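To start, the structure under review is shown below, and the notes come after it.
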Amino acid sequence: MPPPNAPQLPAPRSFRERVGALRNLPPFLALVWQTSPRLTVATLALRLARALLPVATLYVGKLIIDEVLLQARTPGAPATLGGWLASGRIDRLLWLLAAEFGLAVLSDVLGRVVSLVDSLMAERFSTTTSIRLMEHAATLDLEDFEDSELQDRLERARRQASGRMSLMSQLFGQAQDVITIASFAVGLMAYAPWLIALLLVALVPAFLGEAHFNARSYALLWARTPEQRELDYVRQTGASVETAKEVKIFGLHAFLIDRYRVLAAGFYEANRRLATRRAAWGGALTALGTAGYYVAYGFLAWRTLAGHFSIGDLTFLAGSFRRLRTLLEGLLSGFSSMAGQALYLDDLFSFFTIAPEIHSPPNPRPFPTPIREGFVFEDVGFIYPGAERWAVRHLNFTLRADEVLALVGENGAGKTTLVKLLARLYDPDEGRILLDGHDLREYDLDELRANVGVIFQDFVRYHLTAADNIAVGRIEARHDRARVQDAAERSLADEVIRRLPEGYDQIIGKRFRSGVELSGGEWQKVAIARAYMRDAQLLILDEPTAALDARAEFEVFERFKELSAGKTAVLISHRFSSVRMADRILVLADGTVEAMGTHEELLQQRGRYAELFELQAAGYR
């Protein structure tokens, strides 16, 4: 019986579907060619030369044996090596030995050069494909990354970007083997054509067995992608600097290790069952090929005894048949394996077919500089994919140009969703957002986001230098140190950076040996500097000061109020001492606008804002 919680495997792909997956090979080869035309041509030429060496080596061996037997049967053979050399009777034999030696050296050298070129190609291909994967991922919508199914597809595609280069070596190796097989087959056809048919009949069952188990292996990996991601997550959580404190405090090591052990055991058991069946069937079916070889070998030995073949012929034919059997077995198995690997390429190429829904229009409207009227939400609604309730709905309000608007509401009220709609990380499912009287979707997406500076509460802590941590706000200006320092001064991060051993060139975060860790509040000041570095027309601070004490947050927002003069700004904070600095305050509840006004106006309304303000104020009395 399968273990509890075992994933249901999709039905194994039919043979037609597996062969159909070979349609992925042309685009794959196109990727290989684009990676490096020069290296691709080099590996093909080297493999072509190497493909002809086995039959040439074997044939030279046949000539050597025949020449030895000829000289041994010739009367008057010299008694010493010197006599043989002086007689000149073994000159041909010496040349043949030299030729076989040269072929052996050439084969070894070509093998090493092919391995070198393949390794270089593999590294180049992995880099090129990974870059393409990152470029395509950058075009996808935010909600795509919040979809667990797409996370599975991305994980599978990421594995193929770095793990499919063996397919290139296999493809070129198969082409090399086809040429070698053709050369051996020509020799066998001249002596006993029916041996080729015997080989095929003996090897087809093994080929079909390999094809079946390759499909089962793919089905198993496909079905277990979610568990693989969980396994990677548990391993990362159990041994990372980001989680070390809580893991130790809460004593989570035993729990995480046990969870990892259970997941890994499930993988092991599924793989063990499949590998056991594959080994058993593979051994039985391969025995057929071995039986076919010895039937042919016996036939060749009998024909030699009957005087139809020379000893050299027997050596050549037996060697050719043995090599041909091995090559055909590898070719059929390799074809099945290629079909299996082509199934994996589906994971890579299908990821590239995912198209974003949020994109620029064909003829975008120029972004207004400066913003004159502001943003207007007209009955805006948005629901997350798969969610049962609307995140925000029936939003109707105006964010005026050059004003600071504060968003207030309990957790889950829709504040962050509203901010993401402003930055077009999402598009509304209902209604529309206008900028200076025109739908936000009419503007170029990149230009829009270039004019929006957002610092989220879950901002990223980049393990880069302090300067680069700030420069990510406008990465194309990362070498403008004056601009970086100005942004740091505005956010008060310059005080933090001055204390670092290498100042702006100090790597922050403990991922790397030379890194210096910052406190939560210090990280937040660095993150806020990114908003100033961006120098956008719309600045948004989404709870970025949660790790700051009340005085530090007051100083940050006081400065933010001063430095956002002439800009449109949105800030989210749970501290009302900071919120009251805004020109107006928008109160959200259950995804809708409950109230809007100045601090004093909202207190007079005696609504939710006044209630929350009084609750917080009571905590300070």
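The values are calculated or read from the model by the stated rules, or taken from the named source; none is laboratory data. Just so we're clear, the structure is a prediction, and the values are computed from it rather than from any experiment. Note: ideal-geometry Cβ built from the backbone for every residue, glycine included; neighbour counts use all protein chains shown.
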task = Could you list all residues from region 404-457 that are touching a residue at least 60 places away in the same chain (Cβ under 8 Å) and charged (D, E, K, R)?
result = 410, 415, 420, 424, 427, 436, 441, 442, 444, 446, 447
remark   = Filter region 131-152 for residues that are modelled with pLDDT of 75 or more and assigned to a loop (DSSP other than H, G, I, E, B); the one that is farthest from residue 425 (Cα to Cα) is 140
inquiry  = With the structure loaded, tell me whether residue 482 is in a helix (DSSP H, G or I), within 16 Å of residue 557 (Cα to Cα) and of a type in the set (A, V, I, L, M, F, W, C) or whether it fails that test.
reply    = no
query = So is residue 379 assigned to a strand (DSSP E or B) and farther than 26 Å from residue 534 by Cα or not?
reply = yes
request  = Determine which member of the set 38, 16 is charged (D, E, K, R), at pLDDT 85 or above, surrounded by fewer than 17 Cβ atoms within 10 Å (Cβ to Cβ) and assigned to a helix (DSSP H, G or I).
outcome  = 38
task = Specify the residue that is surrounded by the most Cβ atoms within 10 Å (Cβ to Cβ); the eligible residues are those in region 351-380 that are among the polar types (S, T, N, Q) and modelled with pLDDT of 85 or more.
result = 360
remark   = The residue from 261, 323 that alone is closer than 30 Å to residue 157 by Cβ and at pLDDT 75 or above is 261
query = Which of (1) in a helix (DSSP H, G or I); (2) at pLDDT 90 or above does residue 562 not meet, given it meets every other one?
reply = (2)
request  = Find all pairs meeting these conditions: Cβ atoms under 7 angstrom apart; at least six residues apart or on different chains; first residue within region 47-61 and in the same structural domain as residue 101 (by TED's automatic domain parsing); second residue crowded, with 20+ Cβ neighbours inside 10 Å and at pLDDT 85 or above.
outcome  = 47/114; 50/114
key: Lone qualifier among 498, 400, 490 - being touching a residue at least 60 places away in the same chain (Cβ under 8 Å), under 24 Å from residue 520 (Cβ atoms) and more than 32 Å from the chain's Cα centre (by Cα)   = 490
message = Condition check: modelled with pLDDT under 90, among the charged types (D, E, K, R) and not assigned by TED's automatic domain parsing to the domain that holds residue 592. Does residue 481 satisfy that?
response = no
inquiry  = Looking only at residues that are basic (Lys, Arg) and modelled with pLDDT under 85 in region 569-585, which one is farthest from the chain's Cα centre (by Cα)?
reply    = 580
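Matching residues to (1) at pLDDT below 90; (2) in a helix (DSSP H, G or I):
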site	(1), (2)
394	no, no
397	no, no
411	yes, no
416	yes, yes
428	no, no
446	yes, yes
454	yes, no
460	yes, no
470	no, yes
